[in-house]
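Okay, so here's the structure we're looking at.
The values are calculated or read from the model by the stated rules, or taken from the named source; none is laboratory data. Bear in mind that the values here come from a model prediction, so they are computed numbers and not experimental data. Every residue, glycine among them, receives a Cβ derived from its backbone with ideal geometry; neighbour counts consider all protein chains shown. These area figures cover heavy atoms from the full protein model, side chains too; ligands, DNA and RNA do not enter into them. Shrake-Rupley method; radii C 1.70, N 1.55, O 1.52, S 1.80 Å.
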Amino acid sequence: MGGAPYLTETVDIPFPQFSADGKRVNELFAKVIAQKLEDYRIKITPSQTGFTLGVKGLPAQVESPPPRSDANDPKRGPRSFAFCLSCEPEKASIAECNYEGGEEKRGPPGGLPANLRRLTASNCLLKHHPQLMTAFTDSWLDAQARPLIIVTPKRHVGGMEEMNETEIADLWCVVGSVIKQFGGSGPEPRFKEIVLNAGKFRNIAHAHVKVWFEDEPFLDQVERCWSTDERTLFEQLHELRRLMKLPREDALRKEMGGDLTNVRIFVKGTFRSHDRTELLSKFSQFGAVSSVELLGADGTEGVVVSMQHGEDAIQAIIALNLTRFGRNIMCKVKVAAGLK
Ligand SMILES: [Zn+2]
Ligand SMILES: [Zn+2]
């Protein structure tokens with residue numbers, strides 16, 4: 001059985017009717033609910049004239065979703081935790097809940113500094129922004145310090161179908177305020193996309209809307225408009241993320257298997273041909289480099305650096321993870337040994 005096809009629908013919403021008017025959005029969501037979707041993803045993106053609202057979902061009568069086709073397929077959720085991260089945020093350690101494998105597999109060899117270990121989801125609540133924290137709705141910084149704000153209903157619900165009209169309208173008004181506050185200072189609200197995952201499409205049981213921004217306007221707002229406390233927190237979350245993604249020597253050695261010659265290092269990110277020289281000289285500090293190849297059209301998918309000795313590669317990987325190649329590019333490294 002191939003499984004039932006997704007239902008997809010796209011609606012165009014003119015500009016003025018979105019951010020200020022939760023009711024208008026309500027009507028659109030009434031349509032979503034009328035389709036009796038249980039597992040769905042709603043994505044709102046800016047368009048030329050306003051906003052495009054797209055819905056992708058499975059009808060309620062379908063018992064099980066189609067089999068997963070790839071690793072990015074979202075229909076796995078929600079993950080199970082002993083408690084709800086949104087309802088009991090003071091219990092939710094960010095290091096434990098947000099980074100699979102926790103500290104044993106990743107993070108700095110000596111463990112996390114105490115101030116970062118202490119961070120919980122409750123630190124991420126935007127307590128100092130009254131228009132983002134209403135009677136029915138909460139707003140949060142992303143625990144992984146990505147350029148997004150998370151908006152949740154205060155009540156524990158799995159999706160909009162469990163919310164009443166007032167709660168839904170309030171939630172979408174807060175989403176509008178979030179866009180005004182974090183979307184830069186231009187005449188039109190700027191955001192990248194708004195995503196609501198429900199049913200099996202979500203990874204966290206408590207309903208949540210993610211409002212994504214482009215890096216630059218978001219970081220600009222962090223710099224200019226946030227309180228010192230909030231900026232400090234954002235920097236701590238960023239540092240926590242960096243530390244939790246640090247490769248560990250033992251894990252890398254294991255990944256390479258027994259063969260520590262001709263190691264290919266995949267560096268994810270967008271590179272241009274002039275980055276090649278820089279990469280070559282950076283990796284050469286650690287040992288002999290056989291080649292640097294750009295992947296995809298023009299290095300848009302990353303590069304592969306081949307090193308002759310695995311131990312050199314391990315040292316390079318660890319050191320280069322501390323390095324940024326230009327703005328916004330974090331090195332994500334995957335290794336494979338013994339390949340040609
Ligand atoms: Zn909850
Ligand atoms: Zn999610």
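Observations, loosely collected:
- Residues located in region 102-132, provided they are under 17 Å from VAL178 (Cβ atoms) and touching a residue at least 12 places away in the same chain (Cβ under 8 Å): CYS124, LEU125, LEU126, HIS128, HIS129, GLN131, LEU132
- Top-ranked residue of region 247-290 - restricted to ones that are within 23 Å of ALA145 (Cβ to Cβ) and modelled with pLDDT of 75 or more, ranked as surrounded by the fewest Cβ atoms within 10 Å (Cβ to Cβ): THR270
- Residue-level check: of (1) modelled with pLDDT of 90 or more; (2) open to solvent by less than 20 Å² (accessible area, probe 1.4 Å); (3) within 16 Å of ligand 2 (Cβ to nearest atom), CYS97 misses just (1).
- Residue-level analysis places GLU293 outside the set of residues that are closer than 26 Å to PRO147 by Cβ, open to solvent by 50 Å² or more (accessible area, probe 1.4 Å) and modelled with pLDDT of 85 or more.
- Condition check for ALA143: within 24 Å of THR228 (Cβ to Cβ) and assigned to a loop (DSSP other than H, G, I, E, B): yes
- Residues in region 209-224 that are open to solvent by less than 50 Å² (accessible area, probe 1.4 Å) and free of Cβ contacts under 8 Å to residues at least 60 places away in the same chain: VAL209, PRO217, GLN221, VAL222.
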